[in-house]
Amino acid sequence: MVLRFDDLDRARAHRQYIDSALRDLTWLGLDWDGEPVLESSRLERIEARALELLARGLAYPCVCTRGELVEISAPHGAEPRYSGRCRGRFQDLESAKSETGRSAALRFGVEGGAVEFVDENFGPQSIDVAATVGDFPIRRRDGAPAYQLAVVVDDDLDGVTEVVRGRDLLESTARQILLQRALGLSKPTTFHVPLICDPSGKRLAKRDQARSLEELRKAGARPERIVGFIAELTGQLDASEAGRKEMTSEELRARFDPKKVGTEDIIASASSLLEDNPP
Ligand SMILES: [Zn+2]
């Protein structure tokens, strides 16, 4: 179990958030192997991989601004498809800059055809990256590595063999496989899990005022109550345990059965966590 902080978004990744995440995880009774890893400590190695793809002709400079990308993309879908406007346009990063006066991002050039893989929870997948998102960024215009590249380089360096994450990243897996193949990196298995949504069907996220663990802790919630809530939401309780509210992390870890999680999003309201201990 590797604890890694994807702290490349420097504006948001302050030390205080890392400390508070460490505090929350420890309070819940979770632990991990070795020291936590900061993705920002790998910047040079991730950058080297981006430049390797550029040198091999598998990636190219793109000077499109965010506004231009929206304009030239089809208006439907959450993630617009890149038109390939800058493909073959520039010799290298320097000429992109001198010809346009803009700093360039790097895009990975996607060849057509479906990427096939088997997700351990969602089953066989066939995703045509060229037809859905097209050539995708591996380095942003401000020089920061893009998520898709950073995560495959990190997983390889950390020796990750199994990735468990939200189903909103299922489509990303195909892009990551293309990068793993191009760079000769290890390919972990994936197990995508459903999202936890509020009663209106929206994914629970901090920006939507979902309660943070810190708030729950300060309001008097017990860690065993939160772990018990997770056990219930993810289908881990037997029929004979109906009404059971508390469980330790240790017990849940020992009996957790991933097959019981299912693929349907889970509707939850965190307000019940405080019922027994009103603030
Ligand atoms: Zn472009």
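Only the coordinates and a few stated rules stand behind these numbers; no lab work does. This one's a predicted model, so the numbers in the text were calculated from it and none came from an experiment. Using ideal geometry, Cβ is built from the backbone for each residue, glycine included, and neighbour counts are taken over all protein chains shown.
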Relative contact order (%) - criterion: Cα under 8 Å, at least six apart; region: the range 196-274 | 45
Treat every Asp and Glu Cβ in the range 196-274 as -1 and every Lys and Arg Cβ as +1, leave all other atoms uncharged, and give the resulting dipole magnitude about the Cα centre to the nearest 20 debye.
-> 280
Taking N as the number of residues in the range 196-274, what is its alpha-carbon radius of gyration divided by 2.2 N^0.38 Å?
-> 1.11
Considering the dipole of the chain built from charges on the beta carbon (Lys and Arg +1, Asp and Glu -1) around the Cα centre, which of V151, L43, S95 is farthest to its positive end?
-> S95
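Around G184, under 11 Å between beta carbons, what's the net of Lys plus Arg minus Asp minus Glu among the other residues?
Details: positive: R49, R181, K187; negative: E52, D156.
Local net charge: +1.
Where does each of 245-256, 174-185, 15-26, 43-54 land if you order them by average Cβ count within 10 Å, highest first? All intermediate terms of the calculation are to be shown ahead of the outcome.
Working: 245-256: 14.9, 174-185: 18.2, 15-26: 12.7, 43-54: 16.6.
Ranked by mean Cβ neighbours within 10 Å, highest first: 174-185, 43-54, 245-256, 15-26.
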Specify the residue with the greatest mean-square fluctuation among R225, R66, R140, computed from a Gaussian network of the chain linking alpha-carbon atoms under 10 Å apart.
-> R66
Placed amide H near F136: partners under 5 Å, 5+ positions off or other chain | F108, V110
Would you grab the residues whose amide H sits under 5 Å from the one on I266? Only those 5+ places off in sequence or on another chain, please, with H modelled 1.01 Å from N.
-> L195, I196, C197
Order of H192, H14 under a 10 Å beta carbon neighbour criterion, fewest first = H14, H192
Within straight cross-link reach of K218, meaning Cα distance under 26 Å, which lysines are found once same-chain residues fewer than 8 apart are removed?
-> K202, K206, K245
Calculate the dipole size of the range 39-193 relative to its Cα centre from +1 charges on Lys and Arg beta carbons and -1 charges on Asp and Glu beta carbons; express the result in debye to the nearest 20.
-> 500
Write out the cysteines belonging to the chain for which the nearest other cysteine Cβ is not under 4.7 Å, or none if no such cysteine exists.
-> C64, C197
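If you keep only loop residues by DSSP, which GluC sites (Glu not before Pro) in the range 104-142 have at most 14 other Cβ atoms within 10 Å of their Cβ?
Values: sites: E111, E116, E120; in loops: E111, E120.
Loop-located and lightly packed - E111, E120.
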Per principal axis, descending, Cα span of the chain in whole Å | 66, 39, 37
More than 24 Å apart - percent of Cα-Cα pairs taken over the range 39-193 = 33
Vicinal HN-Hα couplings computed from phi for the range 82-90 (Karplus, 6.51 cos²θ - 1.76 cosθ + 1.60; Hz; Gly/Pro x) = 7, 6, x, 3, 9, 5, x, 7, 10
